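**Q** For reference, the structure I am asking about is given below.
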Amino acid sequence: MQYSPEIKERVLELHRLINLHSHNYHSLDAPEILDQEYDALFNELLDLESKYEELRYSYSPSQRVGAKPLEGFQKVEHLAPMLSLDNAFNNEDMLDFNKRILDRLLGEEHVSYSCEPKLDGIAVNLSYRKGNLEIATTRGDGKVGEDITHNIKTLNSIPLSFLDKEIGFPEFIEIRGEAFIAKEDFLSANKLAEKAGEKTFANPRNAAAGSLRQLDPSVAASRPLNFFAHGIGYIEIGDFQLPHTQSDLLKLYNLWGLPVNPITAVASNIEECQDFFQNISSQRNTLPYEIDGVVFKVNDLSKQRTLGQVSRAPRWAIARKFPAEVGTTVVKNISFQVGRVGSITPVAEFEPVNIGGVVVTHASIHNFDEIKRLDVREKDTVSIKRAGDVIPQIISVDNSKRDKNSKKIELPTRCPSCDGSLTKQEGEAILRCVAGLDCPAQKIESLIHFVSRNAFNIDGLGERIIALLVQKGLVSNSADLFRLKKEDLLNLEGFAEKSATNLINAIQHSRDTTFPRFIYSLGIREVGEATALNLALNFKDISNLMTASQEDLLDINDIGPVASKFIKEFLLDKKNINLLEDLINLGVKPKAVEVKNDNALSSKSVVITGSFNNIARSQLKEELIRLGARVTSSVSAKTDFLVAGDKPGSKLSKANDLGIQILEEEDVLSLLNS
Ligand code: IVH
């Protein structure tokens, strides 16, 4: 129906009023009007929207709930990457961080920092265009996330339109923050789930993730999700002026109606940061939500820009983490698991124990020698340590509590999955099952690797479903995944029309992949992401790779005799050849990737030595390869550059003797960033 300008005006005024009163009620806990008055405004809006369809804007307060479940998640590229943070574990790391900053910001004596509790939730990006929420996404891999707008809209604390538009706003802005569930809400949600016989969550973070990654927005709406804004991504500034500091940016967010953690503060130097950390550590247990540390950010935004970023983390921020947490529990049993390439590793199952808010039930034990060293046995009382996302570790056994009849754990003699024989290869500390893909456990693990995030990245195909598909004989190798039909899935427990369609679609979409991912997904021994990237850059496509000789492989930087042997063996195996052909015939299309060759490092031979402060070594290696460098492991007359980090050792002296140019961390990082 045609509407007059006055009607549109009224609709927008209703948005403003409803948003304001909803903010007063939900975020400030200070309602200014009666519920009935609020309802009247809301009903008036609903009424107008039903009369004039065109006035039902996506950011209308009426659109928070009631959206239909989605068919699947849309992938969305972030306009600016969602970075992660470097960690500091003690005061010294913090002082080093401060020194690095001061060194870079020549002439500064001290720098102010914004100090913010590090929420242990899920990173979310909110994109606002002209002050209206356009899209909300998860972090994903930092470059591409998933559209979760339907779920985010159900969070009453997140404005669909900026609350105060009078103060102005940019044309477009990506606001970054953390979605989380409070500890208490998590406990009650778990109780409800338990009563209803549904799955419970191990910790609040998983509960938040589980709620946001739901296709049906009514699930997120029923969960008490919260949000704190803490950062900024891409911005089209228009006529607007951004504040000059992080702390003022957070204040601005607040005026726009976005929740910001109230216990953030500004420290005028690094010593005050240390005090803030102590203070937060002592409050940690009384906070209503989980935090795993404190984030310190250079407060001045122009200084942040000067400092820039390194690969995946900014130079201007650091996360000071709380120390690992320790707990005591009893070992229920110790079993042996079979890995993707047959390695047998011991796993301990515990009586569930809550360590710092996370229920721990398992720990993987490094190898059999570790069992011998600890002499850990079934029914033992043990201390376990948990540090962030790291897999929990047994640190000691309480011998005084040991059962008199307990027996030492014996090495297995047959494969626990296929009962095949086990071998121990020369120079290896571990036992292996040599049955390869004939062993069900290895089959499952290979498929898990194949669908994993850095390989084919197939959503919704977790361990449980893969095990079920293998068990039912529906899938026996990766090519079989692409042969699956909806009907196959419908016969499986837990699948309905929609979930089956979604999974089949996700599998089919994954066929458009890149050549490095394709190679990595094959799970060839010794071929991790960096080696896969090297192979892809050198051979461009599968047929070149298939016909490469072991010498060709050895010619590639970073590939030594062991890796080249595994690669060649893999490519000569008839079963693998058939599998590759099958994959291509089923429409898998790996795209070639290009090397950059317009920089100082392209085609140069580079060796890396020592440790680095601002980039992980593996990451550094990958980035150098992308720049076209040949990264090799030993220094020789052919080496063009040695990248030397801390504690460089003998490679540095050899390079000096040979007159090879040395690059320090800073030099190489600025090359990477240029
Ligand atoms: S800033 C550019 N601030 O920690 C820096 N992150 O390990 C990006 N996080 O993925 C993050 N509280 O999800 C920042 N006050 C805070 C944070 C915070 C929690 C999370 C964030 C990020 C992760 C980095």
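**Q** Around I235, what is the net charge, scoring Lys/Arg as +1 and Asp/Glu as -1 over all other residues with Cβ under 11 Å from its Cβ?
**A** The answer is -3.
**Q** Below 8 Å, C-alpha to C-alpha, sequence gap of six or more: please give me the relative contact order for the range 385-535 in percent. Don't skip to the end; give the middle numbers.
**A** Details: 131 pairs, mean separation 24.5, N = 151.
It rounds to 16 percent for the range 385-535.
**Q** Hey, another quick one. How many percent of DSSP beta bridges within the chain run antiparallel, rounded to 5?
**A** 80
**Q** Shape of the range 66-126 from its Cα gyration tensor (a ≥ b ≥ c, root eigenvalues): rounded if a/c is under 1.5, otherwise prolate when a/b > b/c, or oblate? Walk me through the numbers before you get to the answer.
**A** Numbers: a/c = 3.48, a/b = 2.56, b/c = 1.36.
The shape class here is prolate.
**Q** Then there is this: Please identify the cysteines of the chain that lack any partner cysteine with a Cβ under 4.7 Å from their own Cβ.
**A** Isolated Cys, the chain: C115, C273.
**Q** Another question about this same structure. Nearest 10 degrees is fine. How inclined is helix 91-104 to the longest principal axis of the chain, computing both from alpha carbons?
**A** Tilt relative to the chain: about 80 degrees.
**Q** Which angle from 0 to 90°, rounded to the nearest 10, does the C-alpha axis of helix 5-26 make with the longest principal axis of the chain?
**A** Taking Cα atoms only, the helix is inclined about 70 degrees.
**Q** If you count, for each residue, the other Cβ atoms within 10 Å and average over each peptide, how do 472-483, 27-38 line up from highest to lowest?
**A** Going from most to least packed, we get 472-483, 27-38.
**Q** How high is the relative contact order of the chain, in percent, with contacts defined as C-alpha pairs under 8 Å that are six or more residues apart?
**A** Reported relative contact order: 9 percent.
**Q** If packing is taken as the mean number of other Cβ atoms within 10 Å per residue, what is the order of 399-409, 138-148, 413-423, highest first?
**A** Taking the mean over residues of other Cβ atoms within 10 Å, the ranking is 138-148, 413-423, 399-409.
**Q** Could you grab the relative contact order for the range 560-629? Cα pairs under 8 Å, six or more apart, rounded to a whole percent.
**A** Computed over the range 560-629, the figure is 33 percent.
**Q** Classify the range 379-532 as rounded, prolate or oblate from the Cα gyration tensor: take a ≥ b ≥ c as the square roots of its eigenvalues, call it rounded if a/c is under 1.5, otherwise prolate when a/b beats b/c and oblate if not.
**A** It comes out prolate by the Cα gyration axes.
**Q** Additional query: Any of K621/K651; K118/K153; K321/K654 with alpha carbons more than 26 Å apart? Name them for me.
**A** The pairs that break the limit, which is 26 Å between Cα atoms, are K321/K654.
**Q** Straight-line reach from K8: which aspartates and glutamates fall under 14 Å, measuring Cα to Cα and dropping same-chain residues less than 8 apart?
**A** In chain and number order, the partners are E44, D47, E49, E53, E54.
**Q** Kirkwood hydrodynamic radius of the range 548-674 from all distinct Cα pairs, in Å? If you can, show how the numbers build up before the last one.
**A** Details: mean 1/r = 0.0605 Å⁻¹.
Computed over the range 548-674, the radius equals 16.5 Å.
**Q** Determine the shape class of the range 87-200: with a ≥ b ≥ c the square roots of the Cα gyration tensor eigenvalues, call it rounded for a/c under 1.5, and otherwise prolate if a/b is greater than b/c, oblate otherwise.
**A** Judged from the Cα gyration tensor, the range 87-200 comes out oblate (a/c at least 1.5, b/c at or above a/b).
**Q** Just to confirm the number: angle between the C-alpha axis of helix 270-283 and the first principal axis of the chain, 0 to 90 degrees, nearest 10?
**A** 80
**Q** Please sort 519-526, 391-398 by packing, taking for each peptide the average over its residues of neighbouring beta carbons within 10 angstrom, highest first.
**A** Final packing ranking: 519-526, 391-398.
**Q** Please work out how many pairs of lysine residues in the range 436-511 are eight or more positions apart (or on different chains) and have Cα atoms closer than 16 angstrom.
**A** On the way: K443/K472; K472/K485; K472/K486; K485/K498; K486/K498.
For the range 436-511, the number of qualifying lysine pairs is 5.
**Q** Pop out the Kirkwood hydrodynamic radius of the chain from its pairwise C-alpha distances, inverse of mean 1/r, in Å to one decimal.
**A** With all distinct Cα pairs of the chain included, I get 28.5 Å.
**Q** Hey, what's the Kirkwood Rh for the range 18-104 if you take every pair of different alpha carbons, in angstrom?
**A** 18.3
**Q** From the helices alone, meaning DSSP H stretches of at least four residues, give me the mean residue ellipticity at 222 nm for the chain, per-run term -39500 (n - 2.57), in deg cm²/dmol to the nearest 500.
**A** Result for the chain: -11000 deg cm²/dmol, rounded to the nearest 500.
Where a number appears in this text, it was derived from the coordinates with a stated rule and is not lab data. Being a predicted model, the structure only gives us computed values, none of them experimental. Note: ideal-geometry Cβ built from the backbone for every residue, glycine included; neighbour counts use all protein chains shown.
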